[in-house]
Amino acid sequence: MGSNKGKKRKGGGDQSGGMSKRHEVGGSGSIHDMEDHRSRRRLSRKEERREKKRLKKFKLKTIREGRGVPDMQSTMQEETKTYTEIVEQKTRESFRRRQDLKNKLQLSQLKRAIEKEEEKLESWVPEEPADPLPKENKYKLKGAARPAEEVYPHLYPPKIGETAQPEDLLDRYQGELSSHVDTFQYVKLNLLLGLFLLAKGNTKAAIETFDRVTEMDTKSKLFDEIIRINRLAAYVEIGELAKAREIIEATQDKHAFMKWDKVLIEFISYHLLKEGDSDHALRNGVSEAFGDCSEVAEVLLAHEEFEADISPESILEDEARALDQYFDKCLECLNSGKHTNTSEKPCLEYTTSIEARYFHRSISWWRDADGIFDCLANLLPDEEDSSVRS
């Protein structure tokens with residue numbers, strides 16, 4: 001046996017480390033590059049297998065549903081359509097969530113404002129009066145002259161908060177809270193709360209709020225007409241037609257809204273609920289409502305065409321503006337001492353027509369009453385029937 005010393009290995013070259021130059025770290029074909037390439041190949045193969053499985057499942061599903069095996073183009077179109085529907089649905093849900101949060105915030109702000117106003121009125125202390133002396137005659141004593149307040153007390157009258165005792169104005173002015181400047185804001189906030197609850201669909205809570213406002217204002221009845229119309233709408237909304245009819249019959253000077261609501265109630269009572277032996281009340285209601293505001297009949301009979309021309313946003317803005325102006329005018333009357341005279345009460349002034357406001361308020365109720373539009377067309381007065389239908 002001979003020694004292998006001095007013999008060169010087969011292949012020759014530098015054998016240090018056992019790797020060639022192209023496998024040296026940092027070279028163009030390094031081990032790290034090879035590992036990255038292999039990992040990318042593995043990922044691409046996994047994605048390819050996953051895509052094949054997904055397409056296979058989709059084809060099996062379409063075959064079970066009897067739609068056949070779709071081609072790739074129809075598959076992509078259907079997936080795009082599904083994705084668009086999902087995005088639109090999420091957008092709608094997000095909008096509803098934002099609206100719900102906004103409504104909750106507005107409701108909590110109104111309730112908190114009412115609580116603060118109630119706390120203030122339950123322990124009411126009159127505000128400080130104006131300075132009895134003009135500024136040029138007011139002595140501005142400083143330093144050693146400060147004790148002059150004791151020598152000249154008429155120049156330094158005591159503060160009202162130091163002498164007056166707190167008073168409960170809610171108890172003192174119960175039944176006429178809207179007739180006094182100090183308690184007017186409290187009644188106004190409660191009325192706004194009732195209108196807000198009714199607009200957001202919380203009908204029972206709105207009715208309770210309207211009843212509470214009525215108890216606050218049994219003598220002056222400054223907001224009586226607003227409360228009657230909206231309480232009537234709340235009873236019709238929840239189907240309490242008997243209570244709605246009581247409100248209409250108890251009102252002497254009926255608003256046009258109430259007269260047309262009576263037509264709706266009498267139609268439901270006679271034709272749908274089969275109450276009563278004749279439609280005499282319905283005929284009288286149509287004649288009275290038509291005589292007061294015939295434009296509402298025209299709008300109701302052409303409700304499909306009229307709906308395209310109406311703008312709910314503008315009507316809501318106009319009602320809010322008219323209500324704010326009404327509150328301001330009421331406060332002006334209170335400050336001028338005119339609140340004791342009912343003839344001096346201001347009235348609501350709208351820019352939109354009465355038929356547009358009634359349509360926006362009540363058209364959903366009329367559509368739910370099957371056959372009411374045909375019945376209305378047949379019951380209109382003969383001399384005006386042709387002009388309305390045209």
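General observations
- Among the residues listed as ASP324, ASP318, the single one being of a type outside the set (Val, Ile, Thr), over 26 Å from CYS375 (Cβ atoms) and open to solvent by less than 30 Å² (accessible area, probe 1.4 Å): ASP318
- The residue list LYS259, LYS243, LYS254 contains one member that is at pLDDT below 90 and either more than 32 Å from the chain's Cα centre (by Cα) or basic (Lys, Arg) (or both), which is LYS254.
- Tallying residues that are surrounded by 22 or more Cβ atoms within 10 Å (Cβ to Cβ) and free of Cβ contacts under 8 Å to residues at least 24 places away in the same chain within the range 207-235 yields 1.
- Of the set (1) of a type outside the set (Ser, Thr, Tyr); (2) closer than 18 Å to ASN202 by Cβ; (3) at pLDDT below 75, all apply to VAL87 but (2).
- Of all the criteria given as (1) at pLDDT 80 or above; (2) part of a helix (DSSP H, G or I); (3) farther than 26 Å from GLY201 by Cα; (4) open to solvent by 70 Å² or more (accessible area, probe 1.4 Å), the one not satisfied by PHE184 is (4).
- Set side by side, the residues LEU282, LEU301, LEU348, LEU273 differ, and just one is open to solvent by 70 Å² or more (accessible area, probe 1.4 Å), within 28 Å of GLU249 (Cα to Cα), of a type in the set (A, V, I, L, M) and out of contact with any Cys (no Cβ under 7 Å at 6 or more places or on another chain), which is LEU273.
- Close pairs (8 angstrom Cβ cut-off, 6 or more residues apart or separate chains): within 17 Å of LEU232 (Cα to Cα) and among the β-branched types (Val, Ile, Thr) in the range 362-375, open to solvent by less than 90 Å² (accessible area, probe 1.4 Å) and in a helix (DSSP H, G or I) anywhere: ILE363/LEU300; ILE363/HIS303; ILE363/GLU307
The values are calculated or read from the model by the stated rules, or taken from the named source; none is laboratory data. Since we're looking at a predicted model, the values are computed, not measured. With ideal geometry, Cβ positions are generated from the backbone for all residues, glycine too; neighbour counts draw on all protein chains shown. Surface accessibility is based on the protein's heavy atoms, side chains included, excluding ligands, DNA and RNA. Shrake-Rupley method; radii C 1.70, N 1.55, O 1.52, S 1.80 Å.
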